[in-house]
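Worksheet: one structure, shown below.
The values are calculated or read from the model by the stated rules, or taken from the named source; none is laboratory data. Because the structure is a prediction, the values reported are computed rather than measured. Cβ coordinates were reconstructed from backbone atoms using ideal geometry, including for glycine residues, and neighbour counts include every protein chain displayed.
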Amino acid sequence: MAQKILAGRCADPTLSGDVVSVKVDQIVLARQPLRAIAEAREAGLKKTSAEVAIVYDPLAVTSTAARARSDEMHAAASEVLAHGVVIGRPGVGFPAPVHLERFASPARLCVTDEPRLAGVGGIGMLTLVVSPGMLGQALAHGSILVRPPRSVQVLLSGRTRPFVCARDVALELVRRGLGEAVSRIEAQHHAPVVIEFAGPSARLLSVSERAVLAGLAPQLGAAGALFVSDERTEVFLRDQRRSKAHRALVPDAGAPCDEVLNVDLGAVDPLYMDETGAVRSVREIVGKPVTQVLLGGDSGATLRDLFAAAALLKSKRVPARVEFLVAVPSRQMLEVLAASGALTDLIATGARLVEPDGRVMSGELYPPAPAGLSARTHDLEPGVTAPKNVAVASAETLAFAVATGEMGDPRSFKWPVRVTIPRALPTDDVLVVRDRKGAIDAGKKAASLSSPTPTPWKGSQTLEIVDGPSLLANGKADATESGLAVVCSTLDEVRELAARAADIAPNVRAILAPFIPSGAVSLFSGVGIAALRFDAAGAKGLKGQRTVALPAPGQWAEGEPTVVTFGSPKDKAAEATKVPLTWLALGPERAWASAGTSRSTRAGETGAGARARG
């Protein structure tokens, strides 16, 4: 299905070449929207031609530290709107669920700087994370360069049992090794992997439940996820008063895929994920006290789940030692819960309403307590926030934790609840700004948007090695003049750096890891960071090293290991160590990393870039 979407937007329907140029339908900006707008202006943006281009302001809770960014966003609002870009104001909700409800459309291609937007694949829209330079190209010219993806198919069969919901199915996929399949195909084909959900039971899931499963993609190292677009999708869009946006999307009969995973929904039990990322049955954690429960967030809890939790907790009271927080994913869900009385039931239980601020996802707001367990329906973003004594579970499992003060099997409730979701949904986008009127205060100086000056990589360079991303949070990225090479040992560390790629460049010049997803390779390359892979033998050679001497870009063989010299300047007597590294960038991605930016793609693209367009 991913190939069908891209083939319909590419001049070469066969998607031949390592990198191809494709037309973009939607653009979503949430992490660094003003930088992407500045990049677009550098590329000649007047008014974007995209079907939808929207900026979400994720800072709903304004602190002294966040005031500068809020003021900058407000000052730039008039200019952003003038380019045809819509603005989602603070309080509208988390970007993924809001975009799913109000803008996402099946069989379209969306590019973004927000990895957590992968959940909109539940409606059948392919979402790819790209660099600020590529976002600027998409805004200005309507197209970007991407690697053609590979596919892993998940076939769903059977029916879920009572007290088992979409979050449990998502955790079952993690337990079944879907992430290992993704990394194996990535390593074999050097191409991004898209998870495609199909099978007879895929049609039984609501679009919101599909979004929970699609939201797994970043956690597994996949570039995105897609569900079929069928009659359930059409009903969802009709309820959102967007029926004209519907298009059918199903895999072709006999279409090739690289791997197939069969999942029987009837065999899935209530599960939870611990702080190490291991998925276990909730029976293994029965009786463990909780100190915090956070229901909601941008993934893991649908409107049906919130209704179920409210019904299970009706007439109950939260224990004194438990902090019960509810972060309703979108303003639409908040209105529906309020109108039905379910919100009143949650508040009567002792819930505190949390504004939909992006820092809830990272743990910067309402972090887990140092002592005790925090149970949440959403997974925390990879990062250095500590401690992380977190259990990720379904809304019904969390309802049991609120009712009893400890983790347990939700099947201990006497009877499962029957939930009816209202069909009449509020669709008034009161916090979505589409015109320039009132966008800027009188007398307030408009923001000056400018893209940062890239740092090119022309010759050989010697970089200081940093083990893991944690030191970057303590100012290490600004403490050296030679540049940094960050060694990552896990996918979560790579994901953390990918989410901060635009911030850490140009101080960080290289990322070294045993596995870097192709989407992250493109993202790193777009901001001038080299993505380098080492094998198990190389990992041993890296221990204790303090510097790495990278050859000039032209000395790296494409797709083949290059022997690189590592050293320890503190020990003059020590001999230099030779370790083979593979530069994972392909074609024009190498030119981006060398130039320090991807913004000049159209003006200066030659050789591999021209070949990529086919």
Practice prompt. Identify the single condition in (1) small (Gly, Ala, Ser); (2) part of a loop (DSSP other than H, G, I, E, B); (3) touching a Gly at 6+ places or on another chain (Cβ under 7 Å) that residue 191 does not satisfy, given that it satisfies every other one.
Written response: (3)
Practice prompt. Just need a number here: residues in the range 303-330 that are in a helix (DSSP H, G or I) and among the aromatic types (Phe, Trp, Tyr).
Written response: 1
Response to the item:
Going through (1) assigned to a loop (DSSP other than H, G, I, E, B); (2) crowded, with 22+ Cβ neighbours inside 10 Å one by one, residue 182 fails only at (1)
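Conditions (1) out of contact with any Asp or Glu (no Cβ under 6 Å at 6 or more places or on another chain); (2) buried (at least 24 other Cβ atoms within 10 Å of the Cβ); (3) within 30 Å of residue 589 (Cβ to Cβ), marked per residue:
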| position | (1), (2), (3) |
| --- | --- |
| 81 | yes, no, no |
| 98 | yes, yes, no |
| 101 | yes, yes, no |
| 125 | yes, yes, yes |
| 131 | yes, yes, yes |
| 140 | yes, no, yes |
Practice prompt. Please go through the range 349-371 and pick out each residue that is surrounded by fewer than 22 Cβ atoms within 10 Å (Cβ to Cβ), closer than 24 Å to residue 30 by Cα and aliphatic (A, V, I, L, M).
Written response: 353, 354, 365
Fill in: Residues (in contact with a helix residue (DSSP H, G or I) (Cβ under 9 Å, 6 or more places away or on another chain), surrounded by 15 or more Cβ atoms within 10 Å (Cβ to Cβ) and assigned to a helix (DSSP H, G or I)) located in the range 236-294
236, 237, 245, 265, 282
Worksheet entry | Filter result (hydroxyl-bearing (Ser, Thr, Tyr) and either without any contact (Cβ under 8 Å) to a residue 12 or more places away in the chain or buried (at least 23 other Cβ atoms within 10 Å of the Cβ) (or both)) within the range 372-403 | 374, 377, 394, 397
Worksheet item: Considering only residues of the range 45-73 that are surrounded by fewer than 17 Cβ atoms within 10 Å (Cβ to Cβ) and modelled with pLDDT of 90 or more, which is farthest from residue 107 (Cα to Cα)?
Response: 46
Worksheet item: Where residues in the range 105-123 are within 13 Å of the chain's Cα centre (by Cα) and over 21 Å from residue 141 (Cα atoms), which of them is surrounded by the most Cβ atoms within 10 Å (Cβ to Cβ)?
Response: 120
Worksheet item: Just for the range 216-235: of the residues that are among the small types (Gly, Ala, Ser) and in contact with an Asp or Glu (Cβ under 8 Å, 6 or more places away or on another chain), which one is surrounded by the most Cβ atoms within 10 Å (Cβ to Cβ)?
Response: 225
Fill in: Within the range 23-44, considering residues that are closer than 30 Å to residue 107 by Cβ and among the small types (Gly, Ala, Ser), the one surrounded by the most Cβ atoms within 10 Å (Cβ to Cβ)
36
Worksheet item: What number of residues within the range 306-341 satisfy the criterion of being touching a residue at least 40 places away in the same chain (Cβ under 8 Å), under 24 Å from residue 162 (Cα atoms) and among the basic types (Lys, Arg)?
Response: 1
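Results for (1) within 27 Å of the chain's Cα centre (by Cα); (2) over 26 Å from residue 149 (Cβ atoms), shown as yes or no for each residue.
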site: 240; (1), (2): yes, yes
site: 245; (1), (2): yes, no
site: 251; (1), (2): yes, no
site: 254; (1), (2): no, no
site: 260; (1), (2): yes, no
site: 274; (1), (2): yes, yes
site: 280; (1), (2): yes, yes
site: 284; (1), (2): no, yes
Item to complete: Can you run down the residue pairs with Cβ atoms below 8 Å, 6 or more apart or on separate chains, where the first is in the range 52-72 and closer than 11 Å to residue 365 by Cβ and the partner is part of a strand (DSSP E or B)?
Response: none
Worksheet item: Scanning for something more than 27 Å from residue 286 (Cα to Cα) and among the basic types (Lys, Arg), does the range 358-374 turn up at least one residue?
Response: yes
Worksheet item: What single numbered condition from (1) free of Cβ contacts under 8 Å to residues at least 60 places away in the same chain; (2) surrounded by fewer than 19 Cβ atoms within 10 Å (Cβ to Cβ) fails to hold for residue 189?
Response: (1)
